[in-house]
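Student: Quick one: this structure, given as C-alpha cells, is what I'll be asking you about.
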Amino acid sequence: MNLRHTFLTGLRGLLGHRLRSILTTLGILFGVAAVICTVGIGQASSDQVNAQIAALGTNLLTITPGSTSAGGIFGGAGSASTLTMADANGLADKANAPDIQAVAPVVQARETMVSSATNWSTTVSGSTAAWLVANARTMLAGSFFTAQDVTDHAQKIVLGSTTATDLGVAVGDSVTVGKVPFTVAGILNTVGGQGFQNGDDLGVVPITTAQDLLTGGSPNSVQRILVSSTSSSTIGSAYQEADQLLMVTHGVTSAAGADFTIQAQSSFLSTAQSVTTTLTILLASVAAISLLVGGIGVMNIMLVSVTERTGEIGLRKALGATPGDLLRQFLIEAASLSIIGGLLGIGAALLAGRLIPHFTTIGVTITATPVLIAVGVAAATGLVFGVYPAARAARLAPIEALRSK
Amino acid sequence: MGEVLRLDNVSKIYGSGDAEVRALDGVSLTVNEGDFVAVVGPSGSGKSTLMNILGCLDVPTSGRYLFAGEDVSRMDAYALARIRNRRIGFVFQQFQLLNDLSAWRNVELPLLYRSARDRKGTALTVLEQVGLANRVGHRPNQLSGGQQQRVAIARALVTDPDLVLADEPTGNLDSGSSRDILAILRQLNEAGRTVILITHDPNVAAVAKRVVHTSDGRIAEAVQ
C-alpha cells in the first residue's frame with residue numbers, strides 16, 4: 001500500500017472515533033503547551049536578569065581596600081583603608097590602562113536628608129564627575145556635577161529618582177544633608193534594583209565636599225574605586241590592568257599579598273541567573289512529565305483501538321495487508337494524534353503567552369527553539385508509544401482477528 | 001486442466017503435550033482449475049482449520065501445501081500476504097465489510113494493497129457483475145444482508161484470483177438471499193472460476209461439483 005493510502009486509512013481510523021481522538025489529543029496539547037509556557041516563563045525571567053546586569057553595567061569593577069588575607073593576617077574586605085586618590089588617578093591614566101574607560105573614587109556615608117517638605121535617610125556617595133560614566137547612568141533632569149565642581153568643593157547633590165520623589169524636590173531645590181545645605185543639581189534616570197542596593201535611592205556629591213563635610217577622614221583616602229571597562233568584552237583586560245597597576249603602586253609582589261580586592265559587579269547576578277536557569281529546568285521537567293503522560297495516553301488509546309479493530313485488522317490481512325502495512329497504518333494514527341495535539345499545543349501556548357502577562361506580573365517569552373523541540377518530542381512520543389500497539393496489530397493472527405467479530 | 005492447489009499429508013497441531021489437539025491429521029487434497037469443491041462437516045471437525053490453511057491464513061505444522069506450484073507451507077508473513085492478495089478471494093460469513101467505507105471503497109481495498117491502477121473502474125465493473133451497479137456509493141449499513149454479501153463477493157473477485165474461498169457465505173442470510181448468493185457462486189464457477197465453499201449445511205454443499213467431508217481432522221470425498 002502506498003504512503004498516501006496508508007495515511008488516508010490512518011486518518012479515517014481517527015475520524016471514526018472523533019471524541020476519543022480529541023480527548024487523546026488534549027493530553028498531548030497540554031503537555032506541549034506546558035513545556036513551551038514554562039520554558040517561555042524561564043526565558044522571560046532570564047531576560048529580566050540579563051537586563052538588570054546590563055542596567056548595572058557589565059563593564060563595572062569595584063575595587064575595595066583590604067583582602068581576605070593581607071600580610072598573613074586574616075581580615076575582611078574593606079578592613080583596611082589602603083585606596084587613595086592617587087590610585088584612582090593612576091587607574092585613569094590611559095597609557096597604563098587602555099581598557100579602562102572611567103574611574104570613580106567613592107566615599108560613602110548614610111545620611112538623613114531634609115527638604116522643605118520632609119526628611120529621608122539614604123546613602124550619600126562622594127565621587128568625581130566620572131561616577132556617571134563608570135556606573136553607566138544617565139540624567140533624567142538637570143546635570144551631573146563637573147570636575148570644576150569637585151575642585152571647588154561645590155555643595156551640589158545629584159539624587160536618584162526615588163529619593164527625589166520621596167523628598168519632593170526638583171532640580172534647583174535645596175536639601176540639607178547632615179545639616180549642610182546642598183543644591184539639587186540633577187536627578188538620575190531610573191534603573192531599578194541593582195542586586196543588593198536600590199540604584200534609584202541615593203545621593204551623589206563631589207568627593208571633596210563629602211570629605212570636608214560628611215565622611216571626614218583624610219582627603220586622600222577613598223573607600224572604594226569604581227572602574228568601568230571600555231566595553232563588556234574588555235572587562236577581563238581592564239581587570240588585569242587595574243590589578244597590575246595597583247600591585248605595582250602598592251608595592252605588592254604576590255597575589256596573596258594584595259591589599260585590595262577587585263570584584264566584577266556582575267558576578268553575584270550571574271548567581272541569580274543560574275538560580276533562574278535551575279528553576280526553568282525544574283519547571284520544564286514537570287512539564288515534560290505531563291508530555292510523557294500525554295504520550296502514555298496515546299499508547300493507551302491506540303491499544304484500545306487495536307483491540308477494538310481486530311476484525312478490521314484480520315480482514316485487511318486476509319485481503320493482503322502485510323505486517324508492514326498495518327504497522328505503518330497504526331503508527332500514522334498514533335503520530336497524527338501527537339502531531340495534531342502538538343500543533344494545537346503551540347496555539348494554546350501562544351495564547352497563554354499573551355494572556356499570562358496580561359493578567360499577572362509573570363512575563364512569558366516564547367522562542368522558536370522550545371516550540372520546535374516540544375513538537376518534535378510530541379511527534380516522537382506518538383511514534384514511540386504507537387510502536388507497541390502497532391506491532392501488536394501487525395502480529396495479530398488473521399484468523400483470530402477475523403473470528404473476533 | 002491445471003492444478004490450483006495440492007495438500008500433501010498436511011497436519012495442524014495446536015498446543016503441546018496433554019493439551020495437544022490435532023485439528024488436521026494427514027490431509028491430502030488436490031483442487032484443479034475450474035473445480036467447485038464444498039467442504040462439509042460439523043463444527044470441531046477441522047473444517048475451519050482446513051479453510052485457514054487453504055486460504056494461506058495459517059501454515060501447516062507438517063506436510064506440504066502447494067499453491068499454483070509454489071510451496072506456501074514455509075512462507076513468511078510477507079510472502080503469505082502477497083499470495084492472499086494476488087491469488088485468493090475471500091468471502092466470509094459475517095461479510096467483514098468496513099462500515100465507514102462505501103461499497104466501491106470496500107471492493108477497492110485489495111487493490112490498494114497491490115497499488116493497482118484504475119481501482120475505481122475495476123471495482124465498479126465487478127460490482128456490476130454481482131448486480132449492484134446502482135448501490136456503489138452506499139455504506140454497508142444501508143444495504144441488506146444479501147447485498148452486503150454480494151459486495152463481499154465483488155471484493156473477492158476484484159483481484160481476478162485463482163481461487164474464491166467462501167466460508168459459510170450463507171450463514172447469516174435468509175433463504176432467499178442464500179439462494180441468490182449460491183447462484184452467483186455457481187455462475188462464477190460456470191465462467192471458469194475455481195471455488196471452494198466451506199459449510200456445515202449439506203443442502204448448501206449440494207451446489208458444488210465435489211463434496212469433501214471433514215471428520216476428526218481427516219477428510220473423505222464423496223463421489224457424486
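The values are calculated or read from the model by the stated rules, or taken from the named source; none is laboratory data. Predicted, not measured: the structure shown is a model, and the values here were computed from it. Positions of Cβ are backbone-derived with ideal geometry, glycine not excepted, and every protein chain shown enters the neighbour counts.
Student: Considering each residue of the stretch B:58-84, count those that are among the hydroxyl-bearing types (Ser, Thr, Tyr) and surrounded by 17 or more Cβ atoms within 10 Å (Cβ to Cβ), and give that number.
Tutor: Residues flagged as among the hydroxyl-bearing types (Ser, Thr, Tyr) and surrounded by 17 or more Cβ atoms within 10 Å (Cβ to Cβ) within the stretch B:58-84 amount to 2.
Yes or no, residue by residue, for (1) within 14 Å of chain A (Cβ to nearest Cβ); (2) of a type in the set (Asp, Glu); (3) touching a residue at least 12 places away in the same chain (Cβ under 8 Å); (4) under 19 Å from B:His200 (Cβ atoms):
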site	(1), (2), (3), (4)
B:Gly34	no, no, yes, no
B:Leu50	yes, no, yes, yes
B:Arg86	yes, no, yes, no
B:Gln93	yes, no, yes, yes
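Student: Then there is this: Does the stretch B:115-133 include one or more residues that are out of contact with any strand residue (DSSP E or B) (no Cβ under 6 Å at 6 or more places or on another chain), among the charged types (D, E, K, R) and more than 14 Å from chain A (Cβ to nearest Cβ)?
Tutor: yes
Student: A follow-up question, please. Out of the residues in the stretch B:57-78 meeting the condition of being touching a Cys at 6+ places or on another chain (Cβ under 9 Å) and under 17 Å from A:Thr322 (Cβ atoms), tell me which one is farthest from the other protein chains (Cβ to nearest Cβ).
Tutor: Of everything passing the filter in the stretch B:57-78, B:Val72 is farthest from the other protein chains (Cβ to nearest Cβ).
Student: Still on this structure, I have one more. Would you be able to say whether some residue in the stretch B:153-171 is out of contact with any strand residue (DSSP E or B) (no Cβ under 7 Å at 6 or more places or on another chain), closer than 22 Å to A:Ala318 by Cα and away from chain A (no Cβ under 14 Å)?
Tutor: Among the residues of the stretch B:153-171, at least one is out of contact with any strand residue (DSSP E or B) (no Cβ under 7 Å at 6 or more places or on another chain), closer than 22 Å to A:Ala318 by Cα and away from chain A (no Cβ under 14 Å), which makes the answer yes.
Student: Sticking with this one: Here's a check for you: in the stretch A:310-354, which residue that is within 14 Å of another protein chain (Cβ to nearest Cβ) and β-branched (Val, Ile, Thr) is surrounded by the most Cβ atoms within 10 Å (Cβ to Cβ)?
Tutor: Residue satisfying both the conditions and the ranking: A:Ile313.
Student: Let me ask you something else. For the stretch B:169-224, which strands (runs of 3 or more DSSP E) that fit wholly inside it have 2 or more residues that are surrounded by 21 or more Cβ atoms within 10 Å (Cβ to Cβ)?
Tutor: B:194-199, B:210-215
Student: Counting only residues that are surrounded by fewer than 16 Cβ atoms within 10 Å (Cβ to Cβ) and more than 8 Å from chain A (Cβ to nearest Cβ), how many does the stretch B:95-106 have?
Tutor: Of the residues in the stretch B:95-106, 1 are surrounded by fewer than 16 Cβ atoms within 10 Å (Cβ to Cβ) and more than 8 Å from chain A (Cβ to nearest Cβ).
Student: Can you name every residue in the stretch A:115-129 that is in contact (Cβ under 8 Å) with a residue 24 or more places away in the chain and surrounded by 17 or more Cβ atoms within 10 Å (Cβ to Cβ)?
Tutor: Listed by number, the residues that qualify are A:Ser115, A:Trp120, A:Thr122, A:Val124, A:Ser125, A:Gly126, A:Ser127, A:Thr128.
Student: Still on this structure, I have one more. Go through the stretch A:143-154 and give me each residue that's under 22 Å from A:Gly199 (Cα atoms) and surrounded by fewer than 19 Cβ atoms within 10 Å (Cβ to Cβ).
Tutor: A:Ser143, A:Thr146
Student: Within the stretch A:263-272, how many residues turn out to be modelled with pLDDT of 75 or more and surrounded by fewer than 18 Cβ atoms within 10 Å (Cβ to Cβ)?
Tutor: Going through the stretch A:263-272 one residue at a time, the tally reaches 1.
Student: Let me ask something additional. Mind checking whether some residue in the stretch A:303-313 is modelled with pLDDT of 80 or more, assigned to a loop (DSSP other than H, G, I, E, B) and at positive phi?
Tutor: No; the residues of the stretch A:303-313 include none that is modelled with pLDDT of 80 or more, assigned to a loop (DSSP other than H, G, I, E, B) and at positive phi.
Student: Confirm whether A:Arg392 is surrounded by fewer than 21 Cβ atoms within 10 Å (Cβ to Cβ), in contact (Cβ under 8 Å) with a residue 12 or more places away in the chain, in a helix (DSSP H, G or I) and of a type in the set (D, E, K, R).
Tutor: Taking the combined requirement at face value, the residue satisfies it.
Student: So which of A:Leu159, A:Leu140, A:Leu188 ends up being over 18 Å from A:Leu214 (Cβ atoms) and crowded, with 21+ Cβ neighbours inside 10 Å?
Tutor: A:Leu188
Student: Follow-up question, since we're still on this one. Of all residues in the stretch A:7-59, count the ones that are closer than 30 Å to A:Ala102 by Cα, polar (S, T, N, Q) and either at pLDDT 85 or above or surrounded by fewer than 21 Cβ atoms within 10 Å (Cβ to Cβ) (or both).
Tutor: 5
Student: For the stretch A:63-75, does any single residue satisfy the condition of being aliphatic (A, V, I, L, M), more than 30 Å from A:Pro389 (Cβ to Cβ) and either modelled with pLDDT of 80 or more or in a helix (DSSP H, G or I) (or both)?
Tutor: yes
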